[in-house]
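The values are calculated or read from the model by the stated rules, or taken from the named source; none is laboratory data. What you see is a predicted model, and the numbers here were worked out from it, not measured in a lab. All Cβ positions, glycine included, derive from the backbone under ideal geometry; neighbour counts span all protein chains shown. Just so you know, the surface numbers come from the protein's heavy atoms only, side chains and all, with ligands and any DNA or RNA stripped out. Shrake-Rupley method; radii C 1.70, N 1.55, O 1.52, S 1.80 Å.
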Amino acid sequence: HIAATAGFPSQFQHLVTKRTNATNRCSRSGSLQHVWPPPLLASEIKGIWQAPRMQAGMQGLGVQSTSARPLVAASQAVRPLPRKTSSTGRSPRRSPVRACTTQALEGSAAAQQGTVAETAPQIQPDASPAPPPSQLEAEVEYDVDVRLRLQIGTANIPHPDKVEYGGEDAYFASDVGGGAFGVADGVGGWADSEINPAEYAKTFMLVAKFYLEGRDVRMNDVNGSVTLVPANTPLDTFDGDRERTPQGALDAGHVATRLPGSTTACVVRLNRDDRTISAANLGDSGFVIVRDGYINFRSPVLQHFFDCPLQFGAVPEHTNASDYAEDADLFELKVQSGDVIIAASDGLWDNARDEEVLQTLTPVTEDPDQAAQSLARLAERNAADETYESPYTVEALRQGIDLGWFDKLRKTTFSPRDGGFKLGKLQGGKLDDITVLVARVVEEEVRIPRPPPESEEPQPGAVIQPEATA
């Protein structure tokens, strides 16, 4: 009746008829209690609501859009996995952080839609026209606030031998809460077991991104793919939740990724309210903050020993040892407009010195995409240079790792300036996957709706004084 009297599109009437017929068939077979109106899928309701005639008809009846209401509340409880004692002798601990979990859509159609009696009175549409959208918007008062936002650029160059499958790095960038991003470096040692660690790293980053955006995910047991569960808050209105931290994102990715492989990971998010960033880093990926042309902060490398970083893995299904989100370094740092945050896999940090990073960044600071591409190309050139003294080889020498004596003699050179011979030493770049994310901190004006004025109605039990009369 509503569809006929309010002028709804024929699409709505067709769907109702189609659903009614299907419901009646189920009712006759005894598999479903007879319910009217028949339940429509969320995707069908959304498609109909977007039709202009549908919106006008519903507003005429005094019905408001429910698109901002959640379809189902998403659970955040987790079932912790048992921690195995690692080979490094670290005591088993378990993070109290609540991670992203799965929740099936349950409940009968009758519980979601309710039952309408056949004798219910008919609803007549309101003859008064709906106010134009501009008038409705004008009734809402706004305050203007200046907040920070991240402009994020990305670049990825796979290892020369891994171009065909895109390398083993993974990353994400999101606008949620003003900006969030992450990078993961799949551990290449799994290739010796004919396992591509890229799948683990990519799945891990996807789960971490969904977690920060307020969406829950579940793993498909058949092929290990990630499947979305309806969000507890629509993404377009979700402005970030301080309870969904970067450490929580790491824990969510670790708990949900049940695949062979392992990865390092670094996640950063902006907190607009107090002009800070929160970050969590585990392994040898990491980030720096550049301010006024200098590196203002650098996250340290976390590793068990040289070239063996802390890493996440699926225990006990595919490995007998793993590090956890509670092992990550956590940061809460003040940022300001003009700061530049560079997050990258070790493909950048192993192949570019600080002064080179700053020289490359300065001309392209205003363009994060160009900055990320330029830094990735810098690392690519240095990685292929056999005479380059890279941060990776410098650290290896400091750790006592060098060429064998035969290679030292073979690479001996004569130095006219020093007037003598110099034994060869370990040098050159490190061929690797290279992933770079550059986030520029900028200010923007944000309109914030003012809260409605408090009601002046007397509180229960209050004494009302009579008004004075002339």
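Residues checked against (1) modelled with pLDDT of 90 or more; (2) over 22 Å from THR319 (Cβ atoms); (3) part of a helix (DSSP H, G or I):
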{"site": "ILE123", "(1), (2), (3)": "no, yes, no"}
{"site": "ASN156", "(1), (2), (3)": "yes, yes, no"}
{"site": "GLU164", "(1), (2), (3)": "yes, yes, yes"}
{"site": "ASP185", "(1), (2), (3)": "yes, no, no"}
{"site": "ASN196", "(1), (2), (3)": "no, no, no"}
{"site": "TYR200", "(1), (2), (3)": "yes, no, yes"}
{"site": "THR203", "(1), (2), (3)": "yes, no, yes"}
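In segment 284-310, the residues that are touching a residue at least 40 places away in the same chain (Cβ under 8 Å) and among the small types (Gly, Ala, Ser) reach residues that are open to solvent by 50 Å² or more (accessible area, probe 1.4 Å) and assigned to a strand (DSSP E or B) with C-beta atoms within less than 9 angstrom, at least six apart or across chains, in these pairs: GLY286/ARG298. VAL335 meets all of the listed conditions (1) over 18 Å from GLN247 (Cα atoms); (2) in contact with a helix residue (DSSP H, G or I) (Cβ under 8 Å, 6 or more places away or on another chain) but one, namely (2).
Is one or more of the residues making up segment 279-289 farther than 20 Å from THR435 by Cα and at pLDDT 95 or above?
No, because not a single residue in segment 279-289 is farther than 20 Å from THR435 by Cα and at pLDDT 95 or above.
Residues in segment 147-165 that are of a type in the set (Ser, Thr, Tyr) and crowded, with 20+ Cβ neighbours inside 10 Å: THR154 only. Taking segment 391-424 as the range and being in a loop (DSSP other than H, G, I, E, B) and at pLDDT below 85 as the test, the residues that pass are LEU403, GLY404, LYS411, THR412, PRO416, ARG417, ASP418, GLY419, LEU423, GLY424. Looking across segment 348-373, the residues that are buried (at least 19 other Cβ atoms within 10 Å of the Cβ) and in contact with a helix residue (DSSP H, G or I) (Cβ under 6 Å, 6 or more places away or on another chain) come down to LEU348, ASP350, ASN351, ALA352, LEU361, ALA371. Candidates ARG298, ARG269, ARG275: the one that is over 22 Å from GLU395 (Cα atoms), open to solvent by 40 Å² or more (accessible area, probe 1.4 Å) and in contact with a strand residue (DSSP E or B) (Cβ under 8 Å, 6 or more places away or on another chain) is ARG275. For segment 431-444, state whether one or more residues are over 30 Å from ARG149 (Cβ atoms), at pLDDT 80 or above, open to solvent by 40 Å² or more (accessible area, probe 1.4 Å) and not in a helix (DSSP H, G or I). There is at least one residue in segment 431-444 that is over 30 Å from ARG149 (Cβ atoms), at pLDDT 80 or above, open to solvent by 40 Å² or more (accessible area, probe 1.4 Å) and not in a helix (DSSP H, G or I).
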